[in-house]
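J.: Would you mind keeping the following structure in view while I ask a few things?
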Amino acid sequence: TTSYRFARALIRDGDIGLVRNRGAIERTGSAPWTHCCVFCWTRDWSGAPRVLLIAESREWRGGQILTARSQVRRFPGRIDVMRPTCAPSIAALAADVMVRHAGHDYGWATVLKAFKQRLALLRLLGIVGTPDTTENWRELAEWYEPRDCSQAVCWAFRLSAKKENSAWDLVPNRNEMFVEPQHIGNGAVSLLYPGLVIG
């Protein structure tokens, strides 16, 4: 693991945190991640970063903003820090989108769909792999729609990319309704620093 003090200096707006945890999704999945969030900074009057935050959608709580330090203490050695391969402007905008999602309900229905996608019938019908085809970013800008953690992160980046007129996609060829943390971890991201797991 890497100390929080060292990791903090490397993280920028829009980096993604993937949390290794024990839960129902992990027991039925093929990857260790069961939760995801997006890092963002508060800034002083000069624009210098001050407090590192995370924006997430959490069960029982919905969209919320927390200090990164509190989550490192809660999940020591369990947070993988990933950097999306998009332009920094897209990542920063996605962080803003996640912040705006705070206060909205959690998407329990999408959790059920995440389990259903493992059924062979859905895979045979091609439902799971149906890519997002929305072209107009305004059609995605529904802040109030309930989302689980991975759907919220994927939606934030897709909305941001479309606003920037970019074809970049965090999880290519997969409908955001069926995105799980493992898909984000295996998508268009890279480890921020070799072995960077803050704890």
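J.: For every other residue with a beta carbon closer than 12 angstrom to the beta carbon of T85, add +1 if it is Lys or Arg and -1 if Asp or Glu, then tell me the sum.
T.: Cβ neighbours under 12 Å give a net charge of -1.
J.: Using the Cα centre as the reference, give the magnitude of the dipole from point charges on the C-beta atoms of the range 41-103 (Lys, Arg: +1; Asp, Glu: -1; all else neutral), rounded to the nearest 20 debye. It would help to have the intermediate numbers written out before the result.
T.: Details: 10 positive and 5 negative charges, 47 e Å.
So the magnitude is around 220 debye.
J.: Counting every Cα pair in the range 1-106, what percent are over 20 Å apart? Walk me through the numbers on the way to the answer.
T.: Values: 2221 of 5565 pairs.
Summing the P(r) tail past 20 Å for the range 1-106 gives 40 percent.
J.: A further question follows. Which is farthest toward the positive dipole end of the range 45-102 among P49, V99, T67, measuring Cα position about the Cα centre, with Cβ charges +1 (Lys, Arg) and -1 (Asp, Glu)?
T.: Farthest towards the positive pole: T67.
J.: First measure r as the distance between the Cβ atoms of T67 and W108, then evaluate 1/(1 + (r/R0)^6) with R0 = 22 Å and state the FRET efficiency to the nearest 0.05.
T.: Once rounded, the FRET efficiency stands at 0.25.
Quick note: the coordinates plus some simple rules give every number you see, no bench work behind them. All of these numbers come straight from a predicted model, not from anything done at the bench. No Cβ is skipped: glycine too gets one built from the backbone with ideal geometry, and neighbour counts run over all protein chains shown.
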